[in-house]
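See below for the structure under consideration.
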Amino acid sequence: MSRIELVDLRKEYGNVVAVKAMDLTIEDGEFIVFVGPSGCGKTTTLRMIAGFEDPTNGEIRIDGTVVNEKEPGDRDLGMVFQSHALFPHKNVADNIAFGLRMKKVPQDEQAARVKEVSELVRITHLLGKMPAQCSGGESQRIALARTLVTEPSNFLLDEPLSSLDAKLRRELRAECDRLHDELQKTFIYVTHDQEEAMTLADRIIVMNQGEIVQQGTPMEIYSDPVSYFVADFFGNPAMNLIDGEFAKSGDGMEFKSGHFDIPLPAKFSAVTSGSGTLGIRPENVGIGASSGGATIEREVELVEPLGKDTLLYFETEEARPFVAVIEGTEEVKRHANVTINFPDDAIFLFDANGDRIR
């Protein structure tokens, strides 16, 4: 069993607070993904868990034992970095076996474990090659194997796929998922890529400005964001977010913006007047016949066919356009006037501070 607890964890660099009083429990065997923009504190948190950074305050507990004073090598953690950091003068087999040699593991056991782990990550054919002869994806697998061979209780991965192209990232995401399923050990993964977080995590920890702003399963984060920040961060294409005003309209409320004046569903009748934001995900925007929500007429500014889906872009007063996703088999021409439908159950509202209005 390997349970990791962060208790009132804080990290300061002079006057800069990188991590603010974090409390988090990571259960044995979980695949946890820390996600957020650059500078949000996710890598600093990982480095404190690993022992490469000392907390300014708080405790890190592994299996109930406080490890703040323990050296990285004594925490039974395996770390995979963004850079592969392979020894260029050693072949792949020797790179993988390096940690075992440092622990003075017998030669025959080293060879057996290198063979076993190379089969696990499917790089047996590379063992005799030098790192310079390996591709980026192969080098990342070697770095994974080098960590796996030491058999740590927990695996820490700091943006390991960010330097790879899109196809390789997809392949190695699947590899990480498979390894977690086979090894049944705790994986703590740091990324700025919301797609990686959604596809890999059992639980996502969303960070911003040094603190956790939301945590939950991928679908909880996606379908029930607690704030404008989370709603905007997750989704491709991103959620449509339109700034405007909430105003009284008869017995109900209306959202008013230059291009989108929309009566709000009855469930929002208690919303107070003032500035705010209306959000709706592109895949939930209805085009054509109404499905029970508010409708408006707008001209299509751009059509972007993507095969299975087609994206329709509409002009707004925002810096980015309003986007709708339709089936790729549907044909809509640029400059066509279409009916945009806002289903009642697909609308999100956020107040002037960016907090979700329930």
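Here are a few things to note about the model shown:
- Residue in the stretch 76-89 that is open to solvent by less than 70 Å² (accessible area, probe 1.4 Å), assigned to a loop (DSSP other than H, G, I, E, B) and at pLDDT 90 or above present: no
- Conditions (1) surrounded by 16 or more Cβ atoms within 10 Å (Cβ to Cβ); (2) at negative phi; (3) not aliphatic (A, V, I, L, M); number of the one not met by Gly235: (2)
- Any hit, the stretch 243-253, residues being surrounded by fewer than 16 Cβ atoms within 10 Å (Cβ to Cβ), part of a loop (DSSP other than H, G, I, E, B) and assigned by TED's automatic domain parsing to the domain that holds Phe314: yes
- Pair list, Cβ < 9 Å and 6+ apart or interchain, from the stretch 263-274 residues that are outside the structural domain of Asp345 (by TED's automatic domain parsing) to residues that are open to solvent by less than 80 Å² (accessible area, probe 1.4 Å) and of a type in the set (Asp, Glu): none
- Members of the stretch 98-112 found to be surrounded by 20 or more Cβ atoms within 10 Å (Cβ to Cβ) and modelled with pLDDT of 90 or more, listed by number: none
- Being of a type in the set (Gly, Ala, Ser) and farther than 16 Å from Gly288 by Cβ is a property that Ala352 has.
- Single condition His84 does not satisfy, out of (1) in contact with a helix residue (DSSP H, G or I) (Cβ under 9 Å, 6 or more places away or on another chain); (2) in contact (Cβ under 8 Å) with a residue 24 or more places away in the chain; (3) over 30 Å from Glu53 (Cβ atoms): (3)
- Taking the stretch 128-224 as the region of interest, the strands (runs of 3 or more DSSP E) fully inside it that hold 3 or more residues being open to solvent by 30 Å² or more (accessible area, probe 1.4 Å) are 211-216.
- Counting only residues that are free of Cβ contacts under 8 Å to residues at least 24 places away in the same chain and under 16 Å from Ile96 (Cβ atoms), the stretch 152-174 holds 0 of them.
- Residue in the stretch 8-16 that is of a type in the set (Lys, Arg), surrounded by fewer than 20 Cβ atoms within 10 Å (Cβ to Cβ) and touching a strand residue (DSSP E or B) at 6+ places or on another chain (Cβ under 8 Å) present: yes
- Within the stretch 17-46, the set of residues being of a type in the set (Lys, Arg) and surrounded by fewer than 20 Cβ atoms within 10 Å (Cβ to Cβ) comprises Lys20 only.
- Ile280 of a type in the set (Val, Ile, Thr), under 27 Å from Val35 (Cβ atoms) and either surrounded by 20 or more Cβ atoms within 10 Å (Cβ to Cβ) or touching a Ser or Thr at 6+ places or on another chain (Cβ under 7 Å) (or both): yes
- Top-ranked residue in the stretch 283-310 [being more than 18 Å from Phe260 (Cβ to Cβ) and in a strand (DSSP E or B); ranked as most open to solvent (accessible area, probe 1.4 Å)]: Pro305
- If you go through the stretch 311-358 and keep only what is surrounded by 14 or more Cβ atoms within 10 Å (Cβ to Cβ), in a strand (DSSP E or B) and without any contact (Cβ under 8 Å) to a residue 60 or more places away in the chain, you end up with Leu312, Tyr313, Phe314, Ala324, Ile326, Val338, Ile340, Asn341.
- Of all residues in the stretch 254-277, those that are exposed (fewer than 13 other Cβ atoms within 10 Å of the Cβ) and closer than 22 Å to Asp232 by Cβ total 3.
- Qualifying residue in the stretch 23-42 (condition: in the same structural domain as Ala166 (by TED's automatic domain parsing), basic (Lys, Arg) and without any contact (Cβ under 8 Å) to a residue 24 or more places away in the chain): no
The values are calculated or read from the model by the stated rules, or taken from the named source; none is laboratory data. Values in this document were obtained by computation on a predicted structure and should not be read as measured data. For neighbour counting, all protein chains shown are included, and Cβ atoms are generated from backbone atoms with ideal geometry for every residue, glycine included. Remember, those area values only see protein heavy atoms, side chains included, never the ligands or the DNA or RNA. Shrake-Rupley method; radii C 1.70, N 1.55, O 1.52, S 1.80 Å.
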